[in-house]
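Readers should treat all values here as calculations from the given coordinates under stated rules, not as data from a laboratory. Treat the numbers as computed from the prediction; the structure is a model and nothing was measured. Positions of Cβ are backbone-derived with ideal geometry, glycine not excepted, and every protein chain shown enters the neighbour counts.
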Amino acid sequence: MTNKTDAPLQAIVAFNEAQLEMGKVRKNAANKFLGNSYADLETTQEAIFPTFSAKGFAIVQQCGADEFGQFVDTQAIHVSGHIFSSKVYLEFKKNDMQSMAGAITYARRYGLLSLFGIPVTDDDGNAATGVEEVKQKVIAMANGLERFLTSNPTLEQVIEKRGKRTQVVDGLKAFDKARADTLREQWEALERRVNQ
């Protein structure tokens, strides 16, 4: 039986050993908007779980909420009883389950990356493309979407542009949330109109 005073030390030693033995995370997914690659949730789990499990850790990710908002809490629970944890708070569109699901997946992946100390180079960020270049691309796409919204499009054209609308609104949220919200609302009004 583990002595309670030894538990944190045993867990730290086991955690350190697992980090040293863990393989690198392979980038296997592409961010279509930024044109870069990253390791998706499944690949991140595959890089972490076997090594940490062999060192006596159970890995748990659960959703919760506190005074700061909703979060995903990633925990590495050692057989000694010691727990390492990392909370990632969620940002998503209210009353939009797809947006919430995306935020949870993102938080689960980043919870694992941060807790287990996996380096992330240009993961979902703007470093590879350049922040200003991405911003200008998003603005140009937003201008095009605004022209489309006023062009009296058919239902078929609206359906065809749905993916582009999501891409533009999501990209715009990073630096102009008000415009992103306006475009989303205008799009929803257009869809209601063409569906009548």
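Tabulated data for the structure shown
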| read-out | value |
| --- | --- |
| Positive minus negative residues near Gly64 (Lys, Arg vs Asp, Glu; Cβ under 9 Å) | -1 |
| Label point distance in nm, Gln157-Arg192, each placed 7 Å from Cα along Cα→Cβ | 2.1 |
| When each of Lys87/Lys164; Lys137/Lys177; Lys137/Lys161 is checked by Cα-Cα distance, pairs over 27 Å | Lys87/Lys164 |
| Footprinting exposure proxy for Val72, Val79 (fewest neighbouring C-beta atoms within 10 Å first) | Val79, Val72 |
| Sequence ranges 152-165, 98-111, ranked by mean other-Cβ count within 10 angstrom, highest first | 98-111, 152-165 |
| Ranking of Leu20, Leu113 by count of other Cβ atoms within 10 Å, fewest first | Leu20, Leu113 |
| Gyration tensor verdict on segment 131-194 (Cα atoms; rounded if a/c is under 1.5, prolate if a/b is larger than b/c, oblate otherwise) | prolate |
